[in-house]
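Report on one structure; see the data block that follows.
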Amino acid sequence: MGFLTRIVLGVYAFVVGLACLISIILFANVGYFNRCYEALTGKSPDSSYIYVSLGFSSLFFILSLVLFIISFKTGRVKKAVGRRTSIGEIRITLVSIENIVMNLLKRLPGVKEAHAKVAANEDNVSVGIRLVVFPDISLPTLSEDIQMKVKKTIEDNTGISVGEVKVVVDNIFNGPTYKPKQAE
């Protein structure tokens with residue numbers, strides 16, 4: 001959420017919360033509410049209106065309070081893994097490691113689509129990969145090849161050890177594939 005969006009959300013939540021708080025105070029003071037209702041409508045109010053209005057005002061006050069708090073929270077905390085060197089600490093975000101994996105998977109033959117998710121463990125990372133592959137590919141061979149290459153690439157590029165690489169083949173691509181023309 002951008003800075004300007006957070007400010008607008010905060011102002012909106014504050015105004016709605018203030019209006020709800022004023023209405024809660026008014027509805028809680030039953031005598032004042034009755035006089036206002038009679039002045040506006042010329043009739044005596046039913047007590048159920050007071051309780052329903054008080055309930056809705058309370059609900060909207062709580063929602064505006066939640067929105068107000070959310071508006072001041074910072075964006076998503078970037079989760080990262082790190083390691084210490086003699087000079088200091090190196091931290092690499094999980095998104096960066098996911099991008100390393102995605103770049104590798106784009107270059108592999110047999111892979112049509114891929115999605116990667118990296119999770120940090122105590123002393124290593126786990127990688128989950130979901131694939132759509134082309135037909136006529138040996139799935140066990142491709143999966144093992146991907147596991148080995150992903151593990152080696154992450155460890156070589158980041159220095160962070162990989163605990164496990166899970167590969168799930170979601171689907172086999174059935175659309176048209178490019179086949180070169182046969183020489184006659």
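Let me confirm something: among Arg35, Arg91, Arg83, which residue is charged (D, E, K, R), out of contact with any Phe, Trp or Tyr (no Cβ under 7 Å at 6 or more places or on another chain), in contact (Cβ under 8 Å) with a residue 12 or more places away in the chain and farther than 30 Å from Ile137 by Cβ?
Matching residue, one of Arg35, Arg91, Arg83: Arg83.
Restricting the search to the stretch 1-32, which residues are aromatic (Phe, Trp, Tyr) and in contact (Cβ under 8 Å) with a residue 12 or more places away in the chain?
Once the filter is applied, which keeps residues that are aromatic (Phe, Trp, Tyr) and in contact (Cβ under 8 Å) with a residue 12 or more places away in the chain, the stretch 1-32 yields Tyr12, Phe14, Phe27.
Pull up the stretch 61-80, narrow it to residues that are without any contact (Cβ under 8 Å) to a residue 60 or more places away in the chain and crowded, with 17+ Cβ neighbours inside 10 Å, then point me to the one that is nearest to Gln147 (Cα to Cα).
This residue is Phe68.
Among the residues of the stretch 113-136, write down those that are over 24 Å from the mean Cα position of the chain (by Cα) and surrounded by 15 or more Cβ atoms within 10 Å (Cβ to Cβ).
Answer for the stretch 113-136, where residues must be over 24 Å from the mean Cα position of the chain (by Cα) and surrounded by 15 or more Cβ atoms within 10 Å (Cβ to Cβ): Val133, Phe134.
Hey, can you tell me all the residues within the stretch 121-147 that are in contact (Cβ under 8 Å) with a residue 24 or more places away in the chain and among the charged types (D, E, K, R)? Steps first, answer last, please.
Step one: filter the stretch 121-147 for residues in contact (Cβ under 8 Å) with a residue 24 or more places away in the chain, giving 121, 123-135, 137, 139, 142-143, 145-146.
Correct list: Asp123, Arg130, Asp145.
Coordinate-derived values only; no laboratory data. Just so it is clear, the model here is predicted, and its values are computed rather than measured. Counting neighbours? That spans all protein chains shown, and the Cβs are built from the backbone with ideal geometry, glycine included.
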